[in-house]
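The values are calculated or read from the model by the stated rules, or taken from the named source; none is laboratory data. Since this is a predicted model, take the numbers as computed values, not measurements. Surface areas here come from the heavy atoms of the whole protein model, side chains and all, with no ligands, DNA or RNA. Shrake-Rupley method; radii C 1.70, N 1.55, O 1.52, S 1.80 Å.
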Amino acid sequence: MNLNLPENLKDKIYQIKENSQNHLKIVSYFPLSEDEKLMISTLNNSQSLDVYCSIFSDNISEQEWNKSKFQILKRFKDELFDID
C-alpha cells in the first residue's frame, strides 16, 4: 500500500496493511510520534481508524533514528532471516 509518505516517514514503517473495512494497521520499527500519526492520517484522506503498533517499544528521537537507522534496519533484516 502506498500512502505517498515522505521518505523520512517511510523509513520508519515496517508494514502497512488494510483490512476489509478499509482500516489501516501501521507497523513501525519504533513507536511513531503523534505528529507522525497525524501526518499519516492526513495523507490517508480517510475517516477510518488507524491502528499503530511497533516492533520495538523504545522511544527514540529523530536524531537517534537518523544516526542509526541503517544499522537498525540491517540488523533487523539479518536477524529476521536467521529465524527461518
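If the condition is being hydroxyl-bearing (Ser, Thr, Tyr), open to solvent by 50 Å² or more (accessible area, probe 1.4 Å) and within 23 Å of Ile60 (Cα to Cα), then the stretch 1-32 contributes only Tyr14. Checking Leu24, Leu38 one by one, the residue that is under 12 Å from the mean Cα position of the chain (by Cα) and at pLDDT below 90 is Leu24 and no other.
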